[in-house]
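Below is one structure, written out as structure tokens, with a few remarks after it.
The values are calculated or read from the model by the stated rules, or taken from the named source; none is laboratory data. Just so you know, these numbers come straight off a predicted model, no measurement behind them. Don't worry about glycine lacking a Cβ; one is built from the backbone with ideal geometry, like all the others, and counts go over all protein chains shown.
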């Protein structure tokens, strides 16, 4: 009986939160809280996944735009845009004192775009990916991915992707393992990135075909 009551209370609490989601196409992150409260990144992603009309997450955080999430839901909306260009200097940091998720963004839907963010300090041995992609045809563009375990990891079901104009590792802030880890691809594109000072390979291709052009790849421990 006690467990049933607790489960019902949790369900009602979640429903009450989601009732506060906007009804348009955009949900805005307006605070840097790491919990699932209105205005937080966690809340925004829950709204994105739940409200059919919402396709875009933007940022308008007063004060410090550094977010240390305790947990983050997967990105499960086809065609979603996580728009870091909407506010300069947004940082998602995996060193929350309350405990961080194993990965920052886990993309499970196709055609998701993530742009304009700095993602750092996601180092869990059970994940540690700044961006883990399991949905096809993502666009990862103009992000700074530093001091994680891995910058971008594309799963075995991802055959097409675009990783463009990112900074993935830098002097003193390289990722612990690979800058980019590609598990399978047929039409992947890695273009115009700076990939440097990572603890394993700059780009590690497990299998598949990837077009790699006009990148600056240097000072990675294992290989380019």
Original post:
From the residues in region 201-223 that are outside any strand (DSSP E or B) and touching a residue at least 24 places away in the same chain (Cβ under 8 Å), which one is farthest from residue 157 (Cα to Cα)?
Top reply: 219
Original post:
When you look at residue 69, is it at pLDDT 95 or above and either within 23 Å of residue 162 (Cβ to Cβ) or not in a strand (DSSP E or B) (or both), yes or no?
Top reply: yes
**OP:** Confirm whether residue 103 is at pLDDT 95 or above, surrounded by fewer than 22 Cβ atoms within 10 Å (Cβ to Cβ) and in contact with a strand residue (DSSP E or B) (Cβ under 8 Å, 6 or more places away or on another chain).
**Re:** no
Original post:
Looking at region 41-60, which of the residues that are more than 20 Å from residue 142 (Cα to Cα) and touching a strand residue (DSSP E or B) at 6+ places or on another chain (Cβ under 7 Å) is surrounded by the fewest Cβ atoms within 10 Å (Cβ to Cβ)?
Top reply: 54
Original post:
Does region 27-46 include one or more residues that are part of a helix (DSSP H, G or I) and either at pLDDT below 95 or more than 17 Å from residue 91 (Cβ to Cβ) (or both)?
Top reply: yes
**OP:** Name the single residue, out of those in region 1-21 being at pLDDT below 95 and touching a helix residue (DSSP H, G or I) at 6+ places or on another chain (Cβ under 7 Å), that is surrounded by the most Cβ atoms within 10 Å (Cβ to Cβ).
**Re:** 17
Original post:
When you look at residue 133, is it crowded, with 24+ Cβ neighbours inside 10 Å, closer than 25 Å to residue 207 by Cβ and within 13 Å of the chain's Cα centre (by Cα), yes or no?
Top reply: yes
**OP:** Name every residue in region 156-171 that is crowded, with 18+ Cβ neighbours inside 10 Å and assigned to a loop (DSSP other than H, G, I, E, B), in order of residue number.
**Re:** 158, 166, 169, 170
Original post:
Can you spot a residue in region 115-136 that is assigned to a loop (DSSP other than H, G, I, E, B) and closer than 20 Å to residue 24 by Cα?
Top reply: no
